[in-house]
1. Given an 8 Å cut-off on Cα distances and at least 6 residues of separation, report the relative contact order of the range 50-118 as a percent.
2. With the Cα gyration tensor of the range 50-118 in hand, convert its eigenvalues to equivalent ellipsoid semi-axes via √(5λ) and list them largest first in whole Å.
3. Would you mind computing, in nm to one decimal, how far apart the modelled labels at Ser115 and Ala12 are, each placed 7 Å from Cα along Cα→Cβ?
4. In whole Hz, with x marking every Gly and Pro, tabulate ³J(HN,Hα) for the range 76-87 from phi via Karplus 6.51 cos²θ - 1.76 cosθ + 1.60, θ = phi - 60°.
Amino acid sequence: MKNESFRLLLAATILGVSMIISSVILTYSKSATNDQTQSANIISQEQIGSGPLMTIKETSEFMHLTESQIRKIISTEENLLKTSGSYTGKRFPYMTIDNEIYVSTKGLEEWIKESVQQSKQY
């Protein structure tokens with residue numbers, strides 16, 4: 001009887017320890033996967049905005065907007081400037097080279113801050 005109780009206690013202890021170890025292993029592997037995913041996202045974000053200029057495609061990825069939404073922002077500001085003759089605040093920071101639009105990385109960050117503060121709508 002005493003021998004049987006000892007075996008039962010030993011089996012319960014082994015089972016408990018194995019459950020704890022497996023939980024730690026699963027938690028660690030999930031955490032490592034999340035860290036790898038976050039690292040990949042950080043690298044891709046750094047690559048997008050790493051130069052002084054971005055293409056429309058890079059700008060849309062950076063801002064999580066479509067390319068047509070970026071073009072709408074540009075055309076809306078251009079139309080406001082043409083109709084009123086002036087524009088208050090920061091304009092969308094772009095330039096055109098050989099019919100290709102390029103956006104200033106630093107200027108875009110400043111434009112975003114000001115646009116959010118002024119609650120601009122396009």
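1. Details: 56 pairs, mean separation 25.4, N = 69.
Rounded, it is 37 percent for the range 50-118.
2. Taking √(5λ) for each eigenvalue gives 19, 15, 11 Å, largest first.
3. Taking the two extended label points, one gets 6.5 nm.
4. 4, 5, 5, 5, 4, 5, 5, 6, 9, x, 8, 9
Bear in mind that the values in this text are calculations on the coordinates, not laboratory data. For clarity, every value in this text was computed on a predicted model and none was experimentally measured. Backbone-built Cβ (ideal geometry, glycine too); neighbour counts: all protein chains shown.
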